[in-house]
Amino acid sequence: MIKETVDAVRVAEMEAERQIATAKENAEGEKAQVKMKESVYREEQMREAKAQADKAMNEVVKKCNDYDLTQEKQIEKKVAELKAQSEQKMSVAVNAVIDALI
């Protein structure tokens, strides 16, 4: 009877060790899956953040280009006004010189 009890205890211990080993294997597998999911999630978040940053950068670049065009037009308008004033003053100056010479 003692031998049967000892044998039963050994069988129970072996079964317990087998279950522990199986649980460890399962835990390792789940841990690997979690790490993989973490990696995929991180990559998705990085892609999304990069896409948002690219979009924001493109908007800023467009606004800057629009501002540059507006400023160029204003500068060209001011230059044209100054040229017109200069030509008008030149004409008056030439007429004044001619009148002074006559």
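Projecting the Cα atoms of Thr5, Ala23, Leu82 onto the charge dipole of the chain (Cβ charges, centred on the Cα centre) puts Leu82 farthest toward the positive pole.
Between Ala93 and Ala23, the modelled labels are 10.0 nm apart [label points 7 Å from Cα along Cα→Cβ].
Taking only the alpha carbons of segment 1-55, we obtain Rg and Dmax values of 23.6, 80 Å in that order. If only the Cβ of Lys and Arg carry +1 and only the Cβ of Asp and Glu carry -1, the dipole of the chain around its Cα centre is close to 420 debye. Rolling a 1.4 Å probe across the protein heavy atoms gives the chain an accessible surface of 96 Å² per residue.
In this structure Asp99 has an accessible area near 110 Å², from a 1.4 Å probe over the protein heavy atoms. Gyration tensor analysis over the Cα atoms of segment 30-84 returns equivalent ellipsoid semi-axes of 53, 4, 4 Å (largest first, whole Å). The calculated P(r) of the chain, using every Cα pair and 10 Å bins from 0, goes 11, 12, 11, 10, 10, 9, 8, 7, 6, 5, 4, 3, 2, 1, 0 in percent. Axis angle, to the nearest 10 degrees, between helix 2-101 and the longest C-alpha principal axis of the chain: 0 degrees. Per atom type, the chain shows carbon and sulfur on 60% of its accessible surface, probed at 1.4 Å.
The values are calculated or read from the model by the stated rules, or taken from the named source; none is laboratory data. Since this is a predicted model, take the numbers as computed values, not measurements. Glycine also receives a Cβ, built like all others from the backbone with ideal geometry; neighbour counts cover every protein chain displayed. Surface accessibility is based on the protein's heavy atoms, side chains included, excluding ligands, DNA and RNA. Shrake-Rupley method; radii C 1.70, N 1.55, O 1.52, S 1.80 Å.
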